[in-house]
Amino acid sequence: MNTSQQSAVRPGARGTQRSSARRAELIAIGRSLFADTSYDALSMDDIARQAQVAKGLIYYYFHSKRGYYLAIIEDSVAGLVSYAGSGAELPPVERVQRTIDSYLRYAEHNQAAYRAIVSGGVGFDTEVHAIRDGVREAIVMTIAEGAYGRTDIAPVARMGLLAWVCSVEGAALAWMDRGELPRETMCELLVKTLGGAMRAIEELDPAHPAPAPARRHA
């Protein structure tokens, strides 16, 4: 590629980078807005005024308020799943503990994003619920891989882990609101309740034994 060709490409690349950065900035603003106010209570005029941008800019990037909200949820979910799924190189039980700690770290340091994922929003919107179900499933699979060394688990195990994940969502919200426990204590508590859930799973389906460390810590 000659110099003139490079010059022709660079402005477009810079424009794309600026566009991506602007979109990411609007998503970050939206996380805070929707974390504090329900979806129905915010109009596009409200969003534009609080974000200090022209309403047309939000329409340009997201087409509608619903499109804006979905983009916020999808971006938040990607961050949570990536954060919680780290540590694949660790031994199975340590990976489970790392997953729980990473989940709480994400919630603690990205409270607006976490609240956007698990609370409030657009009521019974099936697409939003599908996104939230997807993150729950991803966490279940991460825990299953760490605990059982596989993700093709039986229905009893899947439901047991899903019930635990759903309880963690509410517990994490309360933990952030109350501020009574350090993250380390909250993590240990969730590890222990996970051990209890796994022992219940084992009783109903011996093909999914609870990891030995979970027994010792319960």
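If only residues of the stretch 37-75 that are of a type in the set (A, V, I, L, M) and exposed (fewer than 13 other Cβ atoms within 10 Å of the Cβ) are counted, the one that is nearest to the chain's Cα centre (by Cα) is A41.
So that you can scan it fast, the table gives a plain yes or no per residue for (1) among the aliphatic types (A, V, I, L, M); (2) outside the structural domain of V128 (by TED's automatic domain parsing); (3) modelled with pLDDT under 85:
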position: S76; (1), (2), (3): no, no, yes
position: G87; (1), (2), (3): no, no, yes
position: E94; (1), (2), (3): no, no, yes
position: I100; (1), (2), (3): yes, no, no
position: Y103; (1), (2), (3): no, no, no
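Among the conditions (1) under 26 Å from D133 (Cβ atoms); (2) surrounded by fewer than 20 Cβ atoms within 10 Å (Cβ to Cβ), F34 misses just one, which is (2).
Note on the stretch 136-218: enclosed helices (runs of 4 or more DSSP H) holding 3 or more residues that are at pLDDT 95 or above and in the same structural domain as V81 (by TED's automatic domain parsing) are 155-178, 183-204. Within the set L26, L80, the sole residue that is hydrophobic (A, V, I, L, M, F, W, C), assigned by TED's automatic domain parsing to the domain that holds M141 and either within 18 Å of R132 (Cβ to Cβ) or modelled with pLDDT of 85 or more (or both) turns out to be L80. Regarding I131, is this residue part of a helix (DSSP H, G or I), of a type outside the set (D, E) and within 22 Å of M198 (Cβ to Cβ)? No: the conditions fail for I131.
The values are calculated or read from the model by the stated rules, or taken from the named source; none is laboratory data. Computed from a predicted model, the values in this text were never measured in an experiment. A quick note on method: Cβ atoms are made from the backbone with ideal geometry, for glycine too, and the neighbour counts reach across all protein chains shown.
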